[in-house]
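Only one structure is covered here, and it is reproduced in the block below.
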Amino acid sequence: MTGSGRAFCSGADLVKGTGAGSTPGGFDAGRILETQLNPLIERLVALPMPVVAAVHGAVVGAGCSIALAADIVVAARSAYFMLAFIKAGLLPDSGATWLLPRLIGRPRANVMMFLAEKITADTALDWGLIHQVTEDDDLMSTTRGVAIRFVEGPTRAFALLKRALRESASSSLSEALQLERSLQREAGLTRDFAEGAAVRAMAALSLRVIARAR
């Protein structure tokens with residue numbers, strides 16, 4: 001998942017793009033969330049596959065939430081993250097109030113949301129907001145490398161892991177343990193596990209043969 005042009009997402013034009021004006025009460029700021037952005041975020045999080053985001057330039061507003069809904073975020077050095085809603089008299093949306101505290105902790109999330117500070121790619125990496133920073137020219141090749149690892153890996157296990165992580169956000173330890181048990185049983189019945197176990201068994205046999213030869 002990436003953006004075109006000079007930025008991943010520069011945010012919405014809250015006047016021209018939404019029809020908002022200076023008269024109070026004339027604009028339903030929640031409607032676009034209900035009809036477009038909230039379903040998009042929920043769909044991204046629920047996808048039965050890891051989502052990799054390649055971001056560059058501005059990663060602003062709802063675009064920031066969309067990027068952070070990905071499982072892995074690779075950022076170009078030009079990227080910066082900003083939630084400037086408060087400057088327009090609005091609050092961060094599209095899942096930002098749920099995502100950010102879980103990713104970087106409440107104090108740092110408060111800085112981004114209450115103070116609307118611009119966070120550079122290097123700071124985002126230091127805070128644990130993203131996975132990796134690359135030079136702009138290397139962004140797509142680096143991100144493709146991550147995506148290829150998912151394509152070539154145990155796809156069913158990735159889907160089950162994503163579900164476990166998603167549900168653990170609102171479950172108790174006991175509930176998480178029970179879900180892990182159920183999902184692990186399902187993973188153990190897959191072809192990916194059978195193939196992986198066979199490869200490990202062959203590698204172990206090869207090591208024993210080498211050890212005896214010595």
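Rule-based calculations on the coordinates, nothing more; no lab input. Note that the structure is predicted; figures quoted are calculated from it, not measured. Cβ: placed from backbone, ideal geometry, glycine included. Neighbour counts: every protein chain shown.
Observations, loosely collected:
- Among residues of the range 85-115, those that are in a loop (DSSP other than H, G, I, E, B) and closer than 28 Å to D137 by Cβ, counted: 0
- Among residues of the range 165-175, those that are of a type in the set (A, V, I, L, M) and within 22 Å of I72 (Cβ to Cβ), counted: 2
- Output for the range 26-57, where each listed residue is small (G, A, S) and either farther than 18 Å from W127 by Cβ or loosely packed, with under 15 Cβ neighbours inside 10 Å (or both): G26, A29, G30, A46, A54, G57
- Residue satisfying all of: in the range 58-73; under 20 Å from L165 (Cα atoms) and either among the aliphatic types (A, V, I, L, M) or touching a strand residue (DSSP E or B) at 6+ places or on another chain (Cβ under 6 Å) (or both); surrounded by the fewest Cβ atoms within 10 Å (Cβ to Cβ) among these: I72
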